[in-house]
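Asks: Sharing a structure here in structure tokens format.
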Amino acid sequence: FDEEFNRITGDKDFSFIFDVDEDMKPEDVHIILFNPETDREGVHTIEFPKGSGNNMILAFESRSECEQFSQFLKDQQFFDPTPQETKLEALIDYCEQIHVEVQVVPDGMNLKPPKERAVVLDCNPNIEQDMKMLDYLFEISASNEDAEHNSDEQSDDDEGAWE
């Protein structure tokens with residue numbers, strides 16, 4: 001197994017760690033979320049091969065192995081990694097849209113996360129302010145649309161300053 005793994009990881013064009021037969025893929029898998037069911041929800045990804053910029057979501061067949069992997073992440077000071085069950089097909093469809101691969105992790109692999117963590121995350125430290133600004137802009141846009149709609153309903157006799 002180690003020899004095969006080293007061969008795979010050395011090949012930069014290879015996109016999957018484990019080859020899982022299409023007919024053997026499970027219907028339900030377990031992934032790791034951060035801040036589940038909040039507007040700051042995120043999913044755990046792993047870069048493979050290292051340094052490639054290719055991220056993939058690990059989709060565990062086994063809930064207990066996903067929970068074990070999650071615990072390893074907690075031990076590495078990740079904030080609240082939470083196993084979540086999901087439909088594999090829906091996950092793959094979503095990930096194709098965002099250009100992230102899905103790696104099914106077969107039962108019995110007992111994976112451990114790498115000891116190195118990504119230093120730069122695609123996380124916006126100013127997300128709270130950005131969200132408030134976007135909400136404000138959305139409200140302004142909606143109120144302008146309402147005002148335009150109401151002015152369209154006025155009779156032709158009422159000419160506005162902008163006409």
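Asks: Can we say ASN124 is at pLDDT below 80, in contact with a helix residue (DSSP H, G or I) (Cβ under 8 Å, 6 or more places away or on another chain), open to solvent by less than 100 Å² (accessible area, probe 1.4 Å) and not in a helix (DSSP H, G or I)?
Replies: On the way: at pLDDT below 80: yes; in contact with a helix residue (DSSP H, G or I) (Cβ under 8 Å, 6 or more places away or on another chain): yes; open to solvent by less than 100 Å² (accessible area, probe 1.4 Å): yes; not in a helix (DSSP H, G or I): yes.
Answer is yes for this residue.
Asks: Another question, if that's okay. Among all residue pairs at least 6 apart or on different chains, which show Cβ distances below 9 Å where the first residue, located in segment 88-112, is under 14 Å from GLU65 (Cα atoms) and of a type in the set (Lys, Arg) and the second is open to solvent by 30 Å² or more (accessible area, probe 1.4 Å) and in a helix (DSSP H, G or I)?
Replies: LYS112/GLN68; LYS112/PHE72
Asks: Name the single residue that is nearest to GLU27 (Cα to Cα) among those in segment 44-60 being open to solvent by 40 Å² or more (accessible area, probe 1.4 Å) and in contact with a strand residue (DSSP E or B) (Cβ under 8 Å, 6 or more places away or on another chain).
Replies: Going through segment 44-60, the residues open to solvent by 40 Å² or more (accessible area, probe 1.4 Å) turn out to be 45, 47, 50-55.
Cutting the leftovers down to in contact with a strand residue (DSSP E or B) (Cβ under 8 Å, 6 or more places away or on another chain) gives us 45, 47, 53-55.
Values: THR45: 20, GLU47: 24, GLY53: 28, ASN54: 25, ASN55: 22 Å.
So, considering only residues that are open to solvent by 40 Å² or more (accessible area, probe 1.4 Å) and in contact with a strand residue (DSSP E or B) (Cβ under 8 Å, 6 or more places away or on another chain), the one nearest to GLU27 (Cα to Cα) is THR45.
The values are calculated or read from the model by the stated rules, or taken from the named source; none is laboratory data. Because the structure is predicted, anything quoted here is derived from the model rather than measured. Neighbour counts run over all protein chains shown; Cβ positions are idealised from the backbone, glycine included. With ligands, DNA and RNA removed, areas are computed over all heavy atoms of the protein, side chains included. Shrake-Rupley method; radii C 1.70, N 1.55, O 1.52, S 1.80 Å.
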